[in-house]
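Everything on this sheet refers to the single structure shown next.
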Amino acid sequence: MTLTYILLLSLIQGLTEFLPVSSSAHLALAPKIFGEQDQGQIIDAAMHLGTLAAALVYYRRDVFDIVMSILKWNDAGRAAPRRLGIFIVLATIPALIFGFGMHLLEPDGIRSVAVIAATTLVFGVLMGIADKKGAEAKTVEEMSLRQAMIIGCAQAVAAMFPGVSRSGITMTAARFMGFKRVDAARFSFLLGMPATAAAAALSFYDLYKSDNPGLLHEGMQAAGLTFIFGLGAIYFMIGWLKRFGLMPFVVYRILLGVFLVWRFLI
């Protein structure tokens, strides 16, 4: 791949990972729209590693508190972050199970335009309903294990099908249960870290077995560029949610779904 195309893919991944529009769908569509060879799951995973690093930087205080609460297990003053950490670990399990299963069945992931169009439309509409009807009431600190597991199961759906949007469906589930938009995004991004790390590790193991230095170099370039774009996208998304809602992203998803049906399926 040329550096220009790596830059374009990194921009797409960096923006769409944290905006609720599905990064996996946009990465699968990019080569079809721009007439390039499909970059494959390994480059996709490298870019996910970049967005993982961006989330770690933005939520470094949460991550530090969770790690310290585990290391100092008996410290009663760290009960809240320890509880959040336990919820994240348990809620990640469904995505790991279904994501690994899909990796075995479809090593290169589902790239079907029909699937992407359907999931983009259906889950876009659901996100709109959740954001319109969901109360701005609860914070992450008020979350129960049951609620965390529901969000975790929602994440598992995104691990199987492109177009769902991991951040989109987890925020949708949280909004249906009355969590504030910023808190829905906070838990969504924290919850995505372990599953993203596992997926990236699996793909980099495949890269190691392939013994392809050129692909490794491209992956490192993509990861670094995606980190920069992803960090900017998180700041934008959180700032946006503090003032506005998810409806512009709902409209975008519907327009994208209609475009895909018109361009590729009719």
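The values are calculated or read from the model by the stated rules, or taken from the named source; none is laboratory data. The model shown is predicted, which means the values in this text are computed figures rather than measured ones. Heads up, the Cβs are rebuilt from the backbone with ideal geometry, glycines too, and the neighbour counts pull from every protein chain shown.
Just the residues that are of a type in the set (G, A, S) and either in contact with a strand residue (DSSP E or B) (Cβ under 8 Å, 6 or more places away or on another chain) or more than 21 Å from L246 (Cα to Cα) (or both), please, taken from the range 1-60.
Correct list: S10, A28, A30, G35, G40, A45, A46, G50, A53, A54.
If I filter the range 147-169 down to residues being under 21 Å from H103 (Cα atoms) and among the β-branched types (V, I, T), which single residue comes out as surrounded by the fewest Cβ atoms within 10 Å (Cβ to Cβ)?
For the range 147-169, the residue satisfying everything is V157.
I'm trying to understand the selection: among the residues of the range 198-224, which are modelled with pLDDT of 85 or more and within 17 Å of the chain's Cα centre (by Cα)? A222, A223, listed by residue number. Taking the range 94-122 as the range and being under 30 Å from K242 (Cβ atoms) and out of contact with any helix residue (DSSP H, G or I) (no Cβ under 6 Å at 6 or more places or on another chain) as the test, the residues that pass are T119, V122. Cβ separations smaller than 7 Å between residues 6+ apart or across chains give the following pairs from the range 212-231 residues that are crowded, with 21+ Cβ neighbours inside 10 Å to residues that are charged (D, E, K, R): G230/E17. Among residues of the range 1-13 that are within 12 Å of Q37 (Cα to Cα) and free of Cβ contacts under 8 Å to residues at least 60 places away in the same chain, those with a Cβ under 6 angstrom from a residue that is surrounded by fewer than 16 Cβ atoms within 10 Å (Cβ to Cβ) and of a type outside the set (F, W, Y), sequence gap 6+ or separate chain, pair up as Y5/E36. Only a single item in (1) modelled with pLDDT under 95; (2) buried (at least 20 other Cβ atoms within 10 Å of the Cβ) is not met by A174, and it is number (1). For the range 149-265, the helices (runs of 4 or more DSSP H) that sit wholly inside it and include 2 or more residues that are among the small types (G, A, S) are 166-176, 181-210, 213-243. Out of (1) surrounded by 22 or more Cβ atoms within 10 Å (Cβ to Cβ); (2) acidic (D, E); (3) out of contact with any Lys or Arg (no Cβ under 9 Å at 6 or more places or on another chain), the odd one out for E36 is which? For E36, the failing item is (1).
All but one of (1) surrounded by fewer than 22 Cβ atoms within 10 Å (Cβ to Cβ); (2) more than 21 Å from F264 (Cβ to Cβ) hold for A30; state the number of the condition that does not hold. With respect to (1) surrounded by fewer than 22 Cβ atoms within 10 Å (Cβ to Cβ); (2) more than 21 Å from F264 (Cβ to Cβ), A30 is out only on (2). Taking residues in the range 146-159 that are among the β-branched types (V, I, T), and partners anywhere that are in a helix (DSSP H, G or I), the pairs with Cβ atoms closer than 7 Å and at least 6 places apart or on different chains are I150/A173; I151/A91; I151/T170; I151/A173; I151/A174; I151/F187; I151/L191; V157/I169.
Quick check on E141: is it assigned to a helix (DSSP H, G or I) and over 24 Å from G14 (Cα atoms)? Answer is yes for this residue.
Condition check ((1) surrounded by fewer than 14 Cβ atoms within 10 Å (Cβ to Cβ); (2) out of contact with any Asp or Glu (no Cβ under 7 Å at 6 or more places or on another chain); (3) free of Cβ contacts under 8 Å to residues at least 24 places away in the same chain) across all residues:
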site: G40; (1), (2), (3): no, no, no
site: T51; (1), (2), (3): no, no, no
site: D62; (1), (2), (3): no, yes, no
site: P94; (1), (2), (3): no, yes, no
site: H103; (1), (2), (3): no, yes, no
site: A118; (1), (2), (3): no, yes, no
site: M127; (1), (2), (3): no, yes, no
site: A135; (1), (2), (3): yes, yes, no
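Of everything in the range 68-101 that is aliphatic (A, V, I, L, M) and over 22 Å from the mean Cα position of the chain (by Cα), the residue that is farthest from G224 (Cα to Cα) is A76.
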